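Computed from the coordinates by the stated procedures, all read-outs in this text should not be read as laboratory data. Here the structure is a predicted model, which means the values were calculated and not measured.
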Amino acid sequence: MLTGQIRRNRRVARRRAQEALKFRHMPVRKGDTVKVIAGKDKGRTGRIMLVYPDTERVMVERINIVKRHQRPSQRLQKGGIIEKENPLHISNVMLVCPRCKEATRFKREVIDEKRVRVCKKCDEQIDQT
């Protein structure tokens, strides 16, 4: 039988381990064009509308559309089945380079005392200043 202190220590250690796995920074930003690399919309591209850093998810326009049964309310006068976008996990999307138009990884470089993202395939600067 575990005592309360040991159980609490295990819970704290598990939470710290999960927080360590989180991204320290989000690799993509609002307005970036991304390609979905996993899931039902694999291969499709879209622009990021919202970023949720705490849950490591992004909302991509016209990607991951789900149907929701909506009850009539003051905001939505007519109920029914509505289609809306659901967030995707950050690991399921990949940044698309604006120059070579391919999904690519990127590196961070310091140019004119600013950290910018640079495409690994064509060495083109992704962040437009």
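List of remarks:
- Interchain or long-range residues, amide H under 5 Å from ARG44's placed H: VAL36
- Scalar couplings 3J(HN,Hα) for the range 36-52, obtained by applying the Karplus form with A = 6.51, B = -1.76, C = 1.60 to θ = phi - 60°, are 7, 10, 7, x, 5, 9, 4, x, 7, 10, x, 9, 6, 9, 9, 10, 10 Hz; x denotes Gly and Pro.
- When the chain is treated as a GNM with alpha-carbon contacts under 10 Å, the residue of THR45, THR55, THR33 showing the greatest mean-square fluctuation is THR55.
- Couplings 3J(HN,Hα) for the range 108-119, derived from phi with the Karplus relation 6.51 cos²θ - 1.76 cosθ + 1.60 (θ = phi - 60°), are 9, 10, 9, 10, 6, 6, 10, 7, 10, 8, 10, 5 Hz, where x marks Gly and Pro.
- Choice from VAL116, VAL34, VAL96 showing the highest fluctuation, given a GNM over the chain with Cα pairs closer than 10 Å: VAL116
- Mean Cα-pair separation over length for the chain, i.e. relative contact order, pairs under 8 Å, 6 or more apart, %: 16
- In the elastic network of the chain, a GNM with C-alpha springs shorter than 10 Å, the most mobile of GLY31, GLY39, GLY79 is GLY79.
- Restricted to Cα atoms, the range 40-86 shows a radius of gyration and a Dmax of 13.4, 38 angstrom.
- Sequence-distant lysines (8 or more away, or on other chains) whose Cα lies within less than 20 Å of LYS121: LYS35, LYS101, LYS107
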